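Notes for the one structure printed next.
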Amino acid sequence: MDNKKSEEALAEIYRNTQLALQSISDILPEAEDERVREELMRQHEEYEKIGGKAALLAKDKGIELKEPNPLKKAMMWGSIKMNTMTDNSPAHLAEMLIQGTVMGITSLKTTLGEMTDESSDEDVKALLAELVSLEEGFESKWKSFL
């Protein structure tokens, strides 16, 4: 792939899905409400699918994707544990997940907006748009728990 923007976008998709998967794995043990647990599992599956598509696309294009920074993952874990220590209600978990999802959407939409030139890879743009749409749906779903 000769387009740097497309390569960066693919890395952003992968990083976003990996951090989302990590967040869900960190929150799941704290979730006692069955509806919240079911939604977390459903979303985990969707993020795995998109992450897998990104990894395959990268492999096809000869791009090496990096795992998210271990320090960032550890800080995220600590933050989740602290945030759920005194309140693991469905509404509080939903609030935390909405914040993370909004950060992801913002980052992905910024990346999508930067992919304006004709040389941008259409497969990458499509996957990026798919992830944005998925996350917007997740945000909406979590709002129903508030």
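The values are calculated or read from the model by the stated rules, or taken from the named source; none is laboratory data. Everything numeric in this text was worked out from a predicted model, so none of it was measured. Using ideal geometry, Cβ is built from the backbone for each residue, glycine included, and neighbour counts are taken over all protein chains shown.
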**Complete:** Checked GLU38, GLU45, GLU64 against criteria (touching a helix residue (DSSP H, G or I) at 6+ places or on another chain (Cβ under 9 Å), free of Cβ contacts under 8 Å to residues at least 40 places away in the same chain and loosely packed, with under 14 Cβ neighbours inside 10 Å); the one match is GLU64
**Asked** So which of GLU30, GLU67, GLU122, GLU114 ends up being of a type outside the set (A, V, I, L, M, F, W, C) and over 19 Å from TYR14 (Cβ atoms)?
**Response** GLU30
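Restricting attention to segment 112-131, which residues are part of a loop (DSSP other than H, G, I, E, B), in contact with a helix residue (DSSP H, G or I) (Cβ under 6 Å, 6 or more places away or on another chain) and not charged (D, E, K, R)? Give the steps one after another, and end with the answer.
We begin by selecting, within segment 112-131, every residue part of a loop (DSSP other than H, G, I, E, B); these are 115-121.
Remaining after also requiring in contact with a helix residue (DSSP H, G or I) (Cβ under 6 Å, 6 or more places away or on another chain): 115, 120-121.
Within segment 112-131, MET115, SER120 meet the criteria.
With the structure loaded, tell me whether ASP33 is at pLDDT 90 or above, over 23 Å from LYS141 (Cα atoms) and charged (D, E, K, R) or whether it fails that test. Please lay out each step first, then the result.
On the way: at pLDDT 90 or above: yes; over 23 Å from LYS141 (Cα atoms): no; charged (D, E, K, R): yes.
Considered against the rule, which asks whether it is at pLDDT 90 or above, over 23 Å from LYS141 (Cα atoms) and charged (D, E, K, R), ASP33 comes out as no.
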**Prompt:** Scanning for something under 12 Å from the mean Cα position of the chain (by Cα), under 17 Å from ALA20 (Cα atoms), of a type in the set (Ser, Thr, Tyr) and assigned to a helix (DSSP H, G or I), does segment 103-111 turn up at least one residue?
**Reply:** yes
**Asked** Take the residues of segment 94-127 that are exposed (fewer than 15 other Cβ atoms within 10 Å of the Cβ) and of a type in the set (Val, Ile, Thr): which is nearest to ASN3 (Cα to Cα)?
**Response** THR116
**Item:** Filtered residues of segment 47-94 (kept if among the charged types (D, E, K, R), at pLDDT below 95 and either part of a helix (DSSP H, G or I) or under 19 Å from SER140 (Cα atoms) (or both))
**Value:** LYS59, ASP60, LYS72, LYS73, LYS81
**Request:** Pick out the one residue from ALA11, ALA91, ALA55, ALA20 that is out of contact with any strand residue (DSSP E or B) (no Cβ under 9 Å at 6 or more places or on another chain) and surrounded by fewer than 16 Cβ atoms within 10 Å (Cβ to Cβ).
**Result:** ALA91
